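The values are calculated or read from the model by the stated rules, or taken from the named source; none is laboratory data. All of these numbers come straight from a predicted model, not from anything done at the bench. With ideal geometry, Cβ positions are generated from the backbone for all residues, glycine too; neighbour counts draw on all protein chains shown.
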Amino acid sequence: MEKNFMNAFSEYGDAIYRFSMVKVSNVQLAEDMTQEVFMRYWQCLRDGKEMTNTRSFLYTIANNLAKDWYKRKKAESLDVHMEAGFSPKDESLNPEAHASYLEILEAIQDLEEKDTEVLLLTYVEGLPPRDVAEILSETPNSVSVRLNRATHRLQKKLGI
């Protein structure tokens, strides 16, 4: 049980933190959410619950925590998040690429939550539609349709 937990934490801990950070754009809150995800995972292991896909299970918990947080708090602008310390992890970007990255991230966060979810899980976290579907409790086909539509809305918003 402890070995399963430690393996899951070492394999998915950073990814769950990044996912939480992108969802809530607050370092402290993302750390708290990551801790809560793994506390719930540990509790499920202790209760003897069987898991077929640990990664999907962890992302589902993180996604639900983010949804709960959004229900309690009104979204803030990306500028406020940047002032609070949020910045992209890839510091090797040149200034033009960095500005493009920020423009895309701001455009994604301005989309509806259902579009933001599927775009972040697919393109930021690199999850396949099958895993995204499991996290969002949908079929892979509906996730693919949502992803396609969200991509078109993002392209339209960015003038692409």
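For the range 11-22, the count of residues that are surrounded by 14 or more Cβ atoms within 10 Å (Cβ to Cβ), at pLDDT 90 or above, aliphatic (A, V, I, L, M) and in contact with a helix residue (DSSP H, G or I) (Cβ under 7 Å, 6 or more places away or on another chain) is nonzero.
Filtered by the rule that a residue be among the polar types (S, T, N, Q) and in contact (Cβ under 8 Å) with a residue 40 or more places away in the chain, the range 32-72 gives 53, 54, 56, 60, 63. Whenever a residue of the range 101-128 is free of Cβ contacts under 8 Å to residues at least 40 places away in the same chain, its partners that are outside any helix (DSSP H, G or I) and not basic (Lys, Arg), lying with C-beta atoms within less than 6 angstrom and at least six residues away or across chains, give the pairs 101/88. Criterion applied to 127, 121 was being in contact with a Leu (Cβ under 6 Å, 6 or more places away or on another chain), buried (at least 17 other Cβ atoms within 10 Å of the Cβ) and not in a helix (DSSP H, G or I), and the one residue passing it is 127.
For the range 31-66, taking the residues that are farther than 17 Å from residue 127 by Cβ, part of a helix (DSSP H, G or I) and out of contact with any helix residue (DSSP H, G or I) (no Cβ under 8 Å at 6 or more places or on another chain), the one that is modelled with the lowest pLDDT is identified as 46.
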